[in-house]
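All remarks here apply to the structure that follows.
The values are calculated or read from the model by the stated rules, or taken from the named source; none is laboratory data. As the structure is a prediction and not an experimental result, all values here were calculated from the model. Cβ placement follows ideal geometry from the backbone for every residue including glycine, while neighbour counts extend to all protein chains displayed. Side chains included, ligands, DNA and RNA excluded: accessible areas come from the protein's heavy atoms. Shrake-Rupley method; radii C 1.70, N 1.55, O 1.52, S 1.80 Å.
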Amino acid sequence: MTGKTIVTGAASGIGLASARRLMAEGLDVIAVDLPGPRLDALVAEGFQTIGADLSSAADRDRVVEAGENARALVNSAGIIRLKPILDFTVNDIRDIYAVNVDAVWDLTSRIGRTMSAGGSIVNISSSAAKLSSTTEAAVYASSKAAVLSITRSFAYAFSKSQVRVNAICPGLVDTPMQDEVLAKAAAARGITAKELSELRTASVPLGRTTTPEECANLIWFLISDQSAYMTGQALNFTGGMIMH
């Protein structure tokens, strides 16, 4: 498979693993993330890169321009804040939604409309969109629930042009963001990060966390023609933690 592909949040975690997997499959990947050493390092791997703050309309305009007529789009960029749920402010909501919701809507809408038949968009949601147990991440969770609604709406909107839009809902993934969740949520609860990690892993029927590379396998499936009859779906990738 060939074609231009935009991957946001491409400098770490699921975004990085996805960018590498899609490049290995022959796609021409444009890696988007905040400017800095992690993004610069991708140039040595052969990626074209765009340094962008996706909360900025001007930066999103540059990504949209680069992504015109893309074969695929992976909306992986996301931010999280953790604090007791009653301490969240409207400013927290605005900051998180600017990246996790506004940017997903904007890029999906404007890049998706330029895709030809066979194009595919994959949005990274989260198991947090369906679970409420980590209340310290409540705003993040609500933003990821919004991603699922965005996915369904654009799956309908783009169906006539044969552009597919799906989402994945990863559970416990070994990423820097997961490390942040463990550290800050554990501190808020008065336990150690190790204790919280063990409690969370015990809730997974398969008894383990997953890796960004495993998530990238599912993302590749949703982009490839193997999933050509699938759109508007939110696929759980949680080791059985969510089964609906």
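Calculate the length of the line joining the C-alpha centroid of the stretch 166-244 to that of the stretch 35-107, in whole Å.
20 Å
Which net charge results when you count Lys and Arg as +1 and Asp and Glu as -1 among the other residues whose beta-carbon is under 12 Å from that of R60?
On the way: positive: R62, R110; negative: D53, D59, D61, E65, D102, D106.
Neighbourhood net charge equals -4.
Share of the stretch 118-197's accessible area from carbon and sulfur, percent, 1.4 Å? Don't skip to the end; give the middle numbers.
Values: 1780 of 3180 Å².
Heavy-atom surface of the stretch 118-197 belonging to carbon and sulfur, 1.4 Å probe: 56 percent.
Lys/Arg Cβ at +1, Asp/Glu Cβ at -1, dipole of the chain taken about the Cα centre: which of G51, L22, A145 is farthest positive-ward?
A145
For the stretch 198-244, treating each Cα as an identical point scatterer without solvent, what Debye log10 I(q)/I(0) comes out at q = 0.25, 0.32 1/Å?
Debye output, listed in q order: -0.96, -1.16.
Under 14 Å Cα to Cα from K194, which aspartates and glutamates show up? Leave out anything in the same chain fewer than 8 places away.
Counting by Cα, and skipping residues close in sequence, K194 has these aspartates and glutamates nearby: D174, D179, E180.
Expressed in nm to one decimal, what extension gain is obtained for the pair L131 and A57 from 0.36 nm per residue of sequence separation less their Cα-Cα distance? Each step should come with its number before you reach the end.
Details: separation 74, 0.36 × 74 = 26.64 nm, distance 3.08 nm.
Separation in residues times 0.36 nm, less the Cα-Cα distance, equals 23.6 nm.
How large is the charge dipole for the chain, taken about the Cα centre, if only the Cβ atoms of Lys, Arg (+1) and Asp, Glu (-1) carry charge, to the nearest 20 debye? Please report the intermediate quantities before stating the final value.
Values: 22 positive and 24 negative charges, 125 e Å.
Dipole size: approximately 600 debye.
Let me know the whole percent of all Cα-Cα pairs from the stretch 72-165 that are separated by more than 19 Å.
Details: 1806 of 4371 pairs.
Summing the P(r) of the stretch 72-165 above 19 Å gives 41 percent of all pairs.
Taking only the alpha-carbon positions of the stretch 59-108 and ignoring solvent, what does the Debye formula give for the base-10 log of I(q)/I(0) at q = 0.18, 0.22 Å⁻¹?
-0.64, -0.82
If you take all C-alpha pairs in the stretch 124-244, what percent of them are over 19 Å apart?
Above the 19 Å cut-off, the stretch 124-244 has 51 percent of its Cα pairs.
Where the only charges are on Cβ atoms (+1 Lys, Arg; -1 Asp, Glu), what is the dipole of the stretch 95-192 about its Cα centre, to the nearest 20 debye? Kindly include the intermediate steps, with their values, before the conclusion.
Numbers: 9 positive and 7 negative charges, 101 e Å.
For the stretch 95-192, the charge dipole is close to 480 debye.
Among the lysines, which fall within straight-line cross-link reach of K4, defined as a Cα-Cα distance under 30 Å, with same-chain neighbours fewer than 8 residues apart omitted?
Cα-Cα hits under 30 Å: K144, K160.
Measuring with a 1.4 Å probe in the full set of protein chains, what accessible area per residue, in whole Å², belongs to the stretch 1-153? Write down the numbers at each step before the final one.
Working: 6210 Å² over 153 residues.
It amounts to 41 Å² per residue over the stretch 1-153.
Quick one: dipole size for the stretch 1-77, taken about the Cα centre, charges +1 on Lys/Arg Cβ and -1 on Asp/Glu Cβ, in debye to the nearest 20.
Working: 7 positive and 10 negative charges, 45 e Å.
It works out to roughly 220 debye.
So how far apart, in nm, are the two label points at T114 and D92 if each is 7 Å from Cα heading toward Cβ?
Here the modelled spin labels are 3.7 nm apart.
With each pseudo-label sitting 7 Å past Cα toward Cβ, what's the S153-R38 distance in nm, one decimal?
Reported label-point gap for S153 and R38 is 2.9 nm.
Mind computing the radius of gyration and Dmax over the alpha-carbon atoms of the chain? Å is fine for both.
Both quantities, over Cα of the chain: 17.2, 52 Å.
Along Cα→Cβ, 7 Å out, is where each label goes; now give me the distance between the ones at T211 and M230 in nm to one decimal.
Taking the simple label geometry, T211 and M230 are separated by 2.1 nm.
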